[in-house]
Every structure is written in structure tokens, then in C-alpha cells.
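Scroll down for the structure; my scribbles are underneath it.
The values are calculated or read from the model by the stated rules, or taken from the named source; none is laboratory data. The structure presented is a predicted model; accordingly, all values stated were derived computationally and were not measured. When we count neighbours, we look across all protein chains shown, and the Cβ atoms used for this are built from the backbone with ideal geometry, even at glycine. Side chains are part of the model used for accessible areas, which takes the heavy atoms of the whole protein and leaves out ligands, DNA and RNA. Shrake-Rupley method; radii C 1.70, N 1.55, O 1.52, S 1.80 Å.
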Amino acid sequence: MLVFEWVVGVLFGAVLLAGVARRLGAPYPAFLALGGVGLAFVPGVPNLRLDPELALALFLAPVLLDAGFDASVRDLKENWRAVAGLAVGAVAVTTLAVAVVARLVVPDMPLSACIVLGAVVAPPDAVAALAVLKHAPMPHRLATILRGESLLNDAASLLIYRLGVTAAMAGTFHPAEVAPAFLLGVVASLVVGPCLGLLFVAVTRRVTDPASAIVMQFVAAFGIWLAAERLELSGVLTIVTFAVTVARRAPGVTAPRARVISYAVWDTAVFVLNVLAFVLIGIQIDPIRERLSGADAWQALILAGATFATVVVTRLAWVLPTTGSREFGLRQAGVPARLGPGIALSWAGMRGIVTVAAALALPAQFPHRDLVVVAAFVTVLGTLIVQGLTLRPLLAHLRLEDDDPVGRETGRARAAAYKAALDSLADAEDAPATDALRAEFRAALAEAEAHDEGLAPESLPADAARRQAVEAARDAVLALRRQGRIGDDAYFLLEEEFDWAELSATPRAET
């Protein structure tokens with residue numbers, strides 16, 4: 001019971017911290033990290049431990065599936081140079097730089113362990129960056145590059161991580177022996193992931209129950225990761241390619257009700273996993289703090305500070321010189337080179353749940369594990385606090401221009417959708433309700449034709465009145481319930497109907 005009460009308290013505290021983060025326009029993982037630090041000094045915290053073999057599967061499989069599902073294949077293709085440069089080049093350079101610094105600070109740390117530390121802290125986290133971008137929008141192209149990097153850099157860093165852990169635990173490493181199997185696993189992952197995605201869509205095509213559909217999604221996330229690990233494939237690449245394939249195929253076959261509920265469940269799951277990750281690593285810090293004393297403690301702090309500084313400086317050094325290079329992909333053709341986009345992109349490299357999960361997944365016998373965990377956690381905490389809390393004012397200061405390509409595409413697509421909806425009513429039976437609906441779509445299309453770029457309005461003309469009417473209807477039914485004239489069962493059925501009616505008339509920005 002004590003553990004249960006403690007978990008309830010932690011979740012409640014996490015909700016409060018996330019609320020504070022939203023009010024400040026900061027990434028909520030930054031406050032979760034601070035909460036994790038606080039747990040390290042709270043007496044009586046339960047001694048919770050997670051099997052290292054399950055850490056990556058538990059934290060990364062759902063997060064990567066969620067991120068892969070939201071990835072835009074078209075935008076990734078258009079920005080592949082910049083994405084590849086960050087997801088592969090920046091990860092490799094950061095890993096090497098951190099490894100060199102770690103070896104200088106801790107001369108007796110094996111090179112393989114130094115490389116593992118570099119791989120652990122190399123990948124920036126999409127969750128942290130996107131939490132900031134909700135409050136301080138970044139130009140769409142930079143946000144696309146950031147999302148693509150955060151999605152694919154995990155594959156590069158975890159591949160290095162796996163090789164480094166194997167070498168550190170075995171004491172020897174022969175590249176010629178592992179390279180063929182390594183390359184075969186990467187290629188196989190790129191094939192197996194899409195095939196499993198097509199199979200998943202075919203199997204779940206007839207699953208209309210939202211609860212069953214969502215459970216199947218989580219089963220797929222964890223099952224595919226575990227299967228990929230057993231087959232020595234890349235769990236990251238398999239999950240990401242699976243998610244991208246499902247995202248392209250599922251919209252036409254997924255029930256709308258299941259889709260709406262699924263988005264809410266996955267947002268909640270990613271939040272809870274971030275809470276759990278920072279709680280678990282915060283709990284680990286306390287016994288590590290007790291084991292490290294005197295010179296060892298100072299060495300751990302020096303290594304942690306040096307790792308954090310190396311991660312930040314290396315990203316700046318990698319991104320800024322390429323800001324004006326069209327070949328790299330950060331600057332568009334015909335657009336003068338500016339330093340602002342490079343500054344914004346380099347400063348958005350906060351670390352998060354991927355780094356925490358990789359640190360938690362280290363075997364207990366890993367050489368200098370305590371030093372690696374402390375350095376990883378300080379790097380996450382430092383980037384989330386220093387960069388996460390300053391990214392919003394930095395973006396405001398840079399005043400980066402954005403021509404709102406998503407808004408323009410949405411407006412034009414909305415006009416096409418309205419026209420298709422109106423055409424579908426051409427053969428409908430004439431009735432007052434049908435005529436009113438036709439009039440709504442005609443008015444919206446007329447507004448789109450009058451727009452310079454043909455953008456349709458976000459709301460139909462009667463949406464405001466519809467919301468007002470639904471609110472009045474809901475109040476009337478609620479009054480009937482209070483008077484005892486209808487029971488709770490009838491009320492809940494009507495409440496759901498009114499909710500859907502209101503959502504259908506409410507633009508995204510107002511929900």
C-alpha cells in the first residue's frame with residue numbers, strides 16, 4: 001500500500017509540475033527532471049528498480065511509435081540533408097567528442113565505456129523540444145528538421161550504444177566480426193518494419209472498438225520492439241518504419257471514434273512514461289550519491305559538467321558553420337544565409353527520455369556505471385533547464401520568419417474538402433436541413449474564392465451558432481438530471497452526443 005500511495009503522490013506532483021511548465025512556456029520534462037532530483041533527497045522513497053533489459057522497451061517503444069506516427073514522409077524527403085546531417089553526423093561527432101573528454105577526465109575509464117557515455121547523451125529529445133514549440137513556434141522547416149532528427153538520431157546513437165555496451169562487458173571488440181551482422185540487421189529492420197505495418201493494418205482493419213484498437217497499438221509497440229531485439233535487428237528502425245507505414249495506411253480504415261480516443265491515450269502514455277523515467281533515475285541518484293564520496297564524487301561532478309558542456313558546444317560547432325550551406329540543407333535555394341536558424345536549431349538540442357532510458361538500461365556490472373548515470377542525468381537536467389527555459393525568449397528575439405506553409409496547405413485543402421462535401425449533396429433529397437447545409441458550404445467556398453490564395457475559413461458559417469445551441473441543449477439536459485426527471489444512464493448518452501456535436505463545430509485552436 002505504501003508504494004501505491006507513493007505512486008499516486010508522484011503522479012499528482014508531476015501533473016502540478018507540468019501545469020507550472022505550461023504556464024511558463026517551458027518543456028515539462030525540465031520540471032520532471034527537477035522533481036527527479038528532489039526525490040534523491042526525500043527520505044523513505046521506495047527502492048524501485050527496473051530490469052535493465054526492459055528499460056529501452058518500456059520507454060522507447062511507445063515514444064518512438066508515437067513520434068513515427070506523426071512524422072511527415074514528404075517533409076523528411078525535402079529536408080533529408082539537414083536531417084541526415086544531424087541524425088547521423090551530429091550524433092557521431094558528439095559521441096566521439098564526449099568519449100574524448102570522458103577519457104581525459106577519467107583516465108581509467110575504458111574507451112568502450114567512454115563511447116557508451118557519448119552515445120547515451122548524443123540524441124536530442126523530440127518530446128522536450130516540441131513542448132517548447134507549442135508555446136514558441138519555430139518556422140515549419142526548422143521544426144520539421146528537429147522532429148526528423150529526434151526521430152532518426154535514436155537509431156544511430158543506440159546502434160553505437162549497443163556495440164559499446166557489448167565491447168565493455170566482453171572486454172574485447174572486433175569490428176570485422178560484427179560489421180556484417182550489424183549491416184544485415186539495419187537493412188532487415190528497414191524491410192521488416194514496413195511489412196509488419198502492412199500486416200497490422202490488415203489485421204486491425206475490422207477492429208472498431210476503441211479500447212481494443214488502442215490495446216492492439218500498445219501490443220504492437222512492445223511486441224515489435226522485443227521481437228526485433230530477439231532477432232538482433234534495430235528496434236528503433238523497426239518501430240519507426242512500422243509507425244510511418246501504419247500512419248500512411250490507417251487513416252482510411254480506422255474508425256473516427258477510435259482515432260480521437262487513441263490520440264488522447266497516447267499523449268497521456270508519453271507523459272506518464274516521462275514521469276516514470278525521471279522518477280526511476282532520480283531514485284538511482286541517491287544510492288549513487290552515497291557510494292561516491294570524496295575524490296570520486298568530485299570526479300563524477302567534473303565529468304558530468306564536462307559532458308554537459310561538450311554536448312552543447314559540439315552541437316553549436318556542428319550546426320552554425322553549416323547554416324549558410326545549401327548543400328547541407330539548412331538554407332533554402334534563393335534565400336540569403338542567416339545565422340538565426342542555425343542558432344535556433346542548435347539551441348533546441350535538449351536531451352530527455354531517450355538519454356534517461358539508455359542510462360537506466362546499462363547493466364549493473366557495466367564499468368563506471370555510476371559515473372555514466374550521473375553524467376547522463378546532469379546533461380539531461382542541464383540541457384532542459386539551461387536550453388529549455390531560454391529557447392522561448394531566444395526564438396522571440398531572433399524573430400525568424402515563417403510563411404506558414406502548413407496553414408496555407410490546410411486552407412487550400414479545406415477548400416477542396418468543402419467543395420467535395422458540397423458536390424456530394426448534389427443528388428441528396430431536397431429538405432430544409434439539406435438546403436441549410438448546402439448554404440453553409442457555398443458561403444465557405446465563396447470566402448475561399450475571395451481569398452488571395454484560395455484559403456477556406458477554418459469554421460463553417462453556422463459553427464458559432466451551433467456551439468451556442470449545443471451548450472444550451474447540454475444545460476437543459478443537465479437541469480433535467482438535477483430535477484430527477486432523467487437518470488444518469490440517459491444523461492451520459494446525451495452528454496456524449498453533445499460532446500461530439502460540439503467538437504464537430506469547434507476549430508482545433510479552440511479545443
Handout entry: LEU301 open to solvent by 50 Å² or more (accessible area, probe 1.4 Å), at pLDDT 85 or above and touching a helix residue (DSSP H, G or I) at 6+ places or on another chain (Cβ under 9 Å)
Key = yes
Exercise for the section: Give LEU190, LEU183, LEU117 a once-over and let me know the one that is over 24 Å from GLY25 (Cβ atoms), open to solvent by 10 Å² or more (accessible area, probe 1.4 Å) and modelled with pLDDT of 80 or more. Expected result: LEU190
Problem - Pair list, Cβ under 9 Å, 6 or more apart: the range 469-486 residue under 21 Å from TRP500 (Cα atoms) and in contact (Cβ under 8 Å) with a residue 24 or more places away in the chain, other residue of a type in the set (A, V, I, L, M) and open to solvent by less than 90 Å² (accessible area, probe 1.4 Å) - result: VAL470/ALA501; VAL470/ALA505; ALA473/LEU494; ALA473/ALA501; ARG474/LEU494
Practice task
State whether one or more residues within the range 259-279 are more than 19 Å from the chain's Cα centre (by Cα) and either open to solvent by less than 30 Å² (accessible area, probe 1.4 Å) or modelled with pLDDT under 80 (or both).
Solution key: no
Practice task
Under 9 Å between Cβ atoms, at least 6 apart or on separate chains: pull out the pairs that start in the range 378-399 with a residue that is among the small types (Gly, Ala, Ser) and end on any residue that is surrounded by fewer than 17 Cβ atoms within 10 Å (Cβ to Cβ) and in a helix (DSSP H, G or I).
Solution key: GLY382/GLY305; GLY382/ALA309
Fill in the blank from the handout: For the range 205-215 the number of residues that are in a loop (DSSP other than H, G, I, E, B) and either open to solvent by 80 Å² or more (accessible area, probe 1.4 Å) or at pLDDT 90 or above (or both) is 3
Problem - Enumeration of residues in the range 388-426 that are outside any helix (DSSP H, G or I) and under 30 Å from VAL20 (Cα atoms) - result: ARG399, LEU400, GLU401, ASP402, ASP404
Practice task
Mind telling me which of the residues GLU327, GLU290 ends up being modelled with pLDDT under 85, in a helix (DSSP H, G or I) and open to solvent by 10 Å² or more (accessible area, probe 1.4 Å)?
Solution key: GLU290
Handout entry: Members of the range 50-77 found to be more than 24 Å from THR268 (Cβ to Cβ), in contact with a helix residue (DSSP H, G or I) (Cβ under 8 Å, 6 or more places away or on another chain) and open to solvent by 30 Å² or more (accessible area, probe 1.4 Å), listed by number
Key = PRO52, VAL73, LEU76
Completion exercise
Checked against (1) in contact with a helix residue (DSSP H, G or I) (Cβ under 8 Å, 6 or more places away or on another chain); (2) open to solvent by 30 Å² or more (accessible area, probe 1.4 Å); (3) at pLDDT 90 or above, GLU229 satisfies every condition except (3)
Exercise for the section: Kindly check whether there is at least one residue in the range 216-226 that is of a type in the set (A, V, I, L, M, F, W, C), modelled with pLDDT under 90, touching a helix residue (DSSP H, G or I) at 6+ places or on another chain (Cβ under 9 Å) and open to solvent by less than 30 Å² (accessible area, probe 1.4 Å). Expected result: no
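Mind checking which helices (runs of 4 or more DSSP H) fall wholly inside the range 432-511 and carry at least 2 residues that are open to solvent by 60 Å² or more (accessible area, probe 1.4 Å), in contact with a Phe, Trp or Tyr (Cβ under 7 Å, 6 or more places away or on another chain) and closer than 19 Å to LYS419 by Cβ? Talk me through it step by step, then tell me what you get.
Numbers: elements: 432-450, 463-482, 488-504.
No helices (runs of 4 or more DSSP H) qualify here.
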Practice task
Go through the residues of the range 330-345 one by one and say whether even a single one is open to solvent by 10 Å² or more (accessible area, probe 1.4 Å), at pLDDT 85 or above, under 25 Å from VAL270 (Cα atoms) and of a type outside the set (S, T, N, Q).
Solution key: no
